[in-house]
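> Encoded as structure tokens, here's the structure I'll be asking about.
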Amino acid sequence: MTHLVPLAKEVDENKVTPGVLGFIVFAVMALAVWGLMKSMSRQLGKVDFEETPDPEAEAKAETASETASAKPGAGQS
């Protein structure tokens, strides 16, 4: 390994590029992200976003609306 150190000194530090290996790593990561996004989209398509109504909340809302309408003078000017 020590015999490769002198070769590294000859490389111009301003012209070093990632090369083919950098491109391959980037392409693999991009494909992985694309696959994950596609899978996430498929999984979110299966989710039902409609909430079932809460029976207790409906009963409280009906009771509140009945008491508000039963008060004398409510809504009159």
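Any read-out appearing in this document is the output of simple, stated calculations on the displayed coordinates, not a laboratory observation. All values derive from a computational prediction rather than experimental measurement. For neighbour counting, all protein chains shown are included, and Cβ atoms are generated from backbone atoms with ideal geometry for every residue, glycine included.
> Between PHE49 and GLU13, what is the label-to-label distance in nm when each label sits 7 Å out along the Cα-to-Cβ direction?
Result: 5.2 nm between the two label points.
> Taking the Cα atoms of segment 9-50, report the difference between the largest and smallest coordinate on each principal axis, in whole Å and largest first.
65, 15, 11
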